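Read through the structure below, which is laid out as structure tokens, and then see the notes.
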Amino acid sequence: MKIDKAEVIVTSPGRNFVTLRLTTSDGVVGIGDATLNGRELAVAAYLNEHVVPLLIGREANNIEDTWQYLYRGGYWRRGPVTMAAIAAVDVALWDIKGKLAGLPVYQLLGGASRTGALAYGHASGSDIPALFDSINEHLALGYRAVRIQTGVPGLGQIYGVADATKKGTRYDYEPAQRSALPSEETWDTRAYLRHVPTVFEAVRNEFGPELPLLHDGHHRMTPNQAAILGKSLEPYDVFWLEDCTPAENQEALRRVRSQTTTPLAIGEIFNTVYDYQTLITEQLIDYVRSAVTHTGGITALKKIMEFAAIYQIKSGFHGPTDISPVGMAAALHLDLSIHNFGIQEYMRHSPETLEVFQTSYTFENGLLHPSDAPGLGVELNVEAAAKFEYSTAYLPVNRLTDGTMHDW
Ligand code: EZ4
Ligand code: CO
């Protein structure tokens, strides 16, 4: 069974998405997510110019061989653009295999290891009362775990805090903005380090000890600052502290790890197992944050999780709205099947997004399930996709108060 057709579909229902759609000689269609937030067209071009021509006429059944062909065969390895492109092919081929077998992808990955995947949502507020409202909204929606982010006194709009003007329409945090240039935010790490423990104290006092609470440091601290924050959050039983440092330097985590027992999660911007090698073998983290979409697909992320399992490290896959419903479904099939599942990030997509991507996964009592539809369980409505034209959008950039460029 050959791949007859490979189409790259760029659509923008509420935000930009890149989807690869493969059709086999038997007429079976599979889809994969290739969305790289703020750099979408680079992946679309990589696919169109350099991958689509290689796919036409290839055997659609051979997922592992195709993965190795695109990874080793490209000579230039790794990187977010390459690995998102490979992920899209990989996920589309798993979708096809599931449809051919008449089975959901998780069955092909070994079957269910649990009844559903515990999800966490993004609660946020410019101040503590607004955060409490947001936590209550999440609890009302059925979430049983929440990430908490707030504004920091003295700073304006910062990472992780929903735009209050969107309240009532959709109270989610979407950092990418449609504009010709990225917006600029201001950052002060010392002010942040003073403020965050007061937020956790207030939330524990209001919501009690049980609710799992997460927090994202978004790559802004030095190892020493991360150690200080980890220690100051220890009294509040944090589920995880995410991306405490820019983790290109994996060894930096030794400093953080040796100083605090607060669990650590890293990896949403990683793209291969090599980004994790030291972190996993030295047990410097507790959770792998990768997305299927940005780490070379189901094939590659399953291998990373098997490697991590040896070291008792669990999954906490990236699931913001810039992972399309196709990428989310792929994550859910892995979540359900792997032994070392931890938690799944889940922000609901907008109604426009769900008009284009018709999903069958469910969210009930705080748990996600990919559904038992054959393949991934998500269909792309090509006519609806054509209605939403791409427009340039960027993630913000970040400067310290004196104007120095900082990690966003
Ligand atoms: O900034 O998905 O944990 N979630 C995050 C996200 C990322 C965006 C980047 O595209 O850090 O909000
Ligand atoms: Co994050």
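The values are calculated or read from the model by the stated rules, or taken from the named source; none is laboratory data. The structure presented is a predicted model; accordingly, all values stated were derived computationally and were not measured. Virtual Cβ from ideal backbone geometry, glycine too; neighbours counted across all protein chains shown. For accessibility, only protein heavy atoms count, side chains too; no ligands or nucleic acids. Shrake-Rupley method; radii C 1.70, N 1.55, O 1.52, S 1.80 Å.
At a glance:
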quantity: For the range 272-318, convex hull volume per residue from C-alpha positions, Å³; calculated: 56
quantity: Share, in percent, of DSSP beta bridges within the chain that are antiparallel, nearest 5; calculated: 50
quantity: Tilt relative to the chain, helix 128-141 - C-alpha long axis, 0 to 90 degrees, to 10; calculated: 40
quantity: Where the chain is the region considered: accessible area per residue in Å², 1.4 Å probe; calculated: 39
quantity: Prolate/oblate/rounded label for the chain (Cα gyration tensor, a/c 1.5); calculated: prolate
quantity: Debye log10 I(q)/I(0) at q = 0.16, 0.23, 0.25 Å⁻¹ for the range 3-104, Cα point scatterers; calculated: -0.63, -1.22, -1.38
quantity: Exposure ranking of LYS302, LYS387 by accessible area [1.4 Å probe, largest first]; calculated: LYS387, LYS302
quantity: Virtual spin-label span in nm between ASP127 and LYS231, 7 Å along Cα→Cβ; calculated: 3.1
quantity: Per-residue HN-Hα couplings for the range 112-118 [Karplus 6.51, -1.76, 1.60; θ = phi - 60°; Hz; x = Gly/Pro]; calculated: 7, 9, 7, 7, x, 9, 4
quantity: Cα-based helix-to-principal-axis angle, 80-101 vs the chain, degrees rounded to 10; calculated: 60
quantity: Cα pair distances in the range 199-294, grouped into 5 Å bins until the bin that holds the longest one, percent each; calculated: 2, 14, 25, 24, 16, 10, 6, 2, 0
quantity: Rounded percent of accessible protein surface that carbon and sulfur make up, the chain, 1.4 Å probe; calculated: 51
quantity: The chain: Lys pairs at Cα distance under 17 angstrom, eight or more positions apart or on different chains; calculated: 7
quantity: Calculated FRET efficiency for the pair ARG114/LYS5, C-beta based, R₀ 51 Å, to 0.05; calculated: 0.90
quantity: Degrees, to the nearest 10: 189-207 long Cα axis against longest axis of the chain; calculated: 90
quantity: Ellipticity estimate at 222 nm from DSSP helix runs (n ≥ 4, -39,500 (n - 2.57)) divided over the chain, nearest 500; calculated: -10000 deg cm²/dmol
quantity: Qualifying GluC sites (Glu not before Pro) for the range 194-228 [loop in DSSP, other Cβ within 10 Å: at most 12]; calculated: GLU210
